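Visitor: Shown below is the structure under consideration.
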Amino acid sequence: MAFEEHLELLTAVEPVAQRLMDEHLERRKHWYHHELVPWELGRNFITEPWDESQCTISEKARTALVLNLLTEDNLPYYHVALENYLPDSSAWKQWGALWTAEEGQHAIAIRSYLLTSRNCDPVELEDNRVATMKAGWHPDWRHPAELFAYTSAQELATRVSHRNAGKLTDDPVAFELMRLIAQDENHHFVFYKGVMSEMIRIEPSLVLEGIYSTFENFAMPGAGIPGFTRRAVDIARAGVYNLRIHHDSVVKPLLDQWGIEKLTGLSSKAAEFQQKLMDLPKDLITKAERFEARFSPI
Ligand SMILES: [Fe+2]
Ligand SMILES: [Fe+2]
């Protein structure tokens, strides 16, 4: 069935989405990146061109920040995805706008930090941004469960990745900036995870396949970033984000929090997906061990 044919399910969970959004608005305090960026370090790039010797944080920390930034830079495509897939009714529209506004500050903040502190090659960064956006990002969601399983996992993954990238910098300013961004991702995660929980409550047999297909091949939306595989290997080795972290901090907690194992009264097809989902963590650990045997930490 095509995504549009599941409108009823989205309508049924809309009151919960409204409640979660109201709670989000209560809980989240807006922050201002201009209060954190070290503007006093900023210098003219024409009269004083960038050189790697000016960097103040490690190469692996720079790789992590740049990869996280380029992922955030693709926000227009994420916004379009929500616009395309979510219905035109008020709660979904309101959430899409609010979420986009909050996400928008992330790239602005990280870029401002990297440029003022000279912790990235400004030409390469801009060329990478253009290449990333030319590649774009176009998810192919067939069921709302795929959208909400993906966004839940992605927000949680970025929460962990931003937080770890901040720690790796050994710079209190970057640490605080990345902590605040990670906190936003957590707020977003709570929203998407809550909507998914409600879908599971209403239609357990209809959503497990979507959760499984999303988790089975989960990939961050960064494949269009130049050198993505090499950069992803570097941040995996640096302990910013890797398969073990994906297992420990994303997949396992989500399966637990959604109570997948305890679901009963499922159709026989859904019960198969339940079992497949429960088998995923140990597959991930096997893959993590294989990666760790091949690549040493950096
Ligand atoms: Fe973000
Ligand atoms: Fe987010």
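Visitor: Counting only residues that are more than 16 Å from ligand 2 (Cβ to nearest atom) and either crowded, with 24+ Cβ neighbours inside 10 Å or modelled with pLDDT under 95 (or both), how many does the range 145-193 have?
Guide: The qualifying residues number 2.
Visitor: Can you tell me which residues in the range 127-141 are more than 22 Å from Lys60 (Cβ to Cβ) and either touching a His at 6+ places or on another chain (Cβ under 9 Å) or acidic (Asp, Glu) (or both)?
Guide: Passing the criteria: only Asp140.
Visitor: Pull out all pairs, ordered by first then second residue, where Cβ-Cβ is under 6 Å, the residues are six or more apart or on different chains, the first lies in the range 91-107 and is within 15 Å of Glu155 (Cα to Cα), and the second is among the hydroxyl-bearing types (Ser, Thr, Tyr) and near ligand 1 (Cβ under 10 Å from one of its atoms).
Guide: Note: no pairs meet the criteria.
Visitor: Can you pull out the residues in the range 155-186 that are more than 11 Å from ligand 1 (Cβ to nearest atom) and among the basic types (Lys, Arg)?
Guide: Selection gives Arg163, Lys167, Arg179.
Visitor: How many residues does the range 46-80 contain that are more than 16 Å from ligand 2 (Cβ to nearest atom) and not hydrophobic (A, V, I, L, M, F, W, C)?
Guide: 13
Visitor: Somewhere in the range 33-45, is a residue assigned to a helix (DSSP H, G or I) and within 16 Å of ligand 2 (Cβ to nearest atom)?
Guide: yes
The values are calculated or read from the model by the stated rules, or taken from the named source; none is laboratory data. As the structure is a computational prediction, the values presented were derived from the model and not from experiment. All Cβ positions, even for glycine, are placed from backbone atoms using ideal geometry, and neighbour counts span all protein chains on display.
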